[in-house]
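The values are calculated or read from the model by the stated rules, or taken from the named source; none is laboratory data. Predicted, not measured: the structure shown is a model, and the values here were computed from it. Positions of Cβ are generated from backbone atoms using ideal geometry, with glycine treated the same way; all protein chains shown enter the neighbour counts.
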Amino acid sequence: MTENTAAQLAVTAVGGPTVVIDLGGLRFVTDPTFDGAGSSYEMGPVALHKLAGPALTTDQLGPVAAVLLSHDQHPDNLDGAGRAFLKEVALVLTTEQSAERVGGTGLAPWAEHVLERPDGGRLVVTAVPAQHGPAGTEPMLGAVTGFLLSGEGLPTVYVSGDNVSLEPVRALAERLGGAGVDLAVLHVGAAQLAPFGPTLLSLTSEQAVEVAELLGARKVLAVHQDGWQHFTEGQDTVSAAFEKAGSGQRLVVPEAGSSFAL
């Protein structure tokens with residue numbers, strides 16, 4: 001990968017929910033999933049099947065300031081190689097519940113963690129509430145968090161985590177006071193699993209458009225819509241939804257493993 005610089009926001013989509021974010025001279029990795037294609041994971045009545053491997057290996061990431069882990073309880077957000085990677089990183093920011101299981105620093109909703117930037121400034125990571133499924137499924141699906149990355153003179157980045165509710169997004173928009181975000185990294189794919197019936201476990205393409213509008217997102221990177229069998233909408237569906245809404249210019253569709261800058 002290219003060297004991280006403080007002069008720009010650079011982002012690399014690795015596959016699934018895994019994204020490398022270079023911001024303020026610091027490198028972040030979201031929901032590390034580095035197992036190869038063909039991996040399967042049994043979770044009681046649920047089986048998850050991985051269809052595509054990562055575009056990068058952990059050896060290619062270089063120095064990482066922190067992992068932003070939305071939750072640890074599902075292998076499509078933290079697989080075997082991802083768990084091993086956590087042990088190599090100095091800082092893991094996640095939910096309080098996940099921190100009890102995998103270590104790291106647990107953040108309650110709206111809690112902040114401040115990192116020192118190489119240029120002497122500060123970068124603030126704020127835990128943004130997320131809801132993995134419809135109301136009432138929380139005991140089954142467990143706690144999830146999104147993240148907001150911000151700092152003086154820096155672009156603002158929102159990472160949704162596995163969220164299907166617009167209420168946390170509206171709450172974030174209110175807190176931002178109309179400032180909007182420069183980049184929204186949205187977990188989409190309209191995920192479904194047989195034991196839950198037609199219940200959606202991640203954003204639909206239409207919801208992603210609404211999230212982008214609520215947050216006034218300058219650019220949107222849709223992730224976590226490919227590479228696993230349980231997604232029902234792919235990149236083509238996402239692109240069509242944004243085009244239909246007249247927001248096609250917001251959507252960034254990079255080649256896996258390649259970086260784009262804002």
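A few notes on this one:
- Of the residues making up the range 153-205, just one is of a type in the set (Asp, Glu), at pLDDT below 95 and more than 21 Å from Asp236 (Cα to Cα), namely Glu167.
- All of Ala108, Ala37 fail the test of being under 23 Å from Ser259 (Cα atoms) and in contact with a strand residue (DSSP E or B) (Cβ under 7 Å, 6 or more places away or on another chain), apart from Ala37.
So that you can scan it fast, the table gives a plain yes or no per residue for (1) aliphatic (A, V, I, L, M); (2) at pLDDT 95 or above:
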| residue | (1), (2) |
| --- | --- |
| Asn4 | no, no |
| Gly15 | no, no |
| Val20 | yes, yes |
| Arg27 | no, yes |
| Pro32 | no, yes |
| Ser39 | no, no |
| Lys50 | no, no |
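- Strands (runs of 3 or more DSSP E) wholly inside the range 1-109 that include at least 1 residues being touching a residue at least 60 places away in the same chain (Cβ under 8 Å) and within 23 Å of Asn163 (Cβ to Cβ): 10-15, 18-23, 26-30, 46-49, 66-68
- Matching residues in the range 103-131 - criterion: being among the aliphatic types (A, V, I, L, M) and touching a Ser or Thr at 6+ places or on another chain (Cβ under 7 Å): Leu107, Val124, Ala127, Val128, Ala130
- Contacts under 7 angstrom Cβ, first residue in the range 232-251 being in a helix (DSSP H, G or I), partner β-branched (Val, Ile, Thr) and modelled with pLDDT under 95, 6 or more apart: Gln235/Val253; Val238/Val188; Ser239/Val253
- Taking every residue in the range 141-170 that is within 18 Å of Leu183 (Cβ to Cβ) and pairing it with any residue that is among the basic types (Lys, Arg), at least 6 positions away or on another chain, the pairs with Cβ-Cβ distances below 8 Å are Gly151/Arg117; Gly151/Arg122; Glu152/Arg122.
- Residue, farthest from His49 (Cα to Cα), within the range 225-247, restricted to residues that are surrounded by 16 or more Cβ atoms within 10 Å (Cβ to Cβ), at pLDDT 85 or above and not aliphatic (A, V, I, L, M): Ser247
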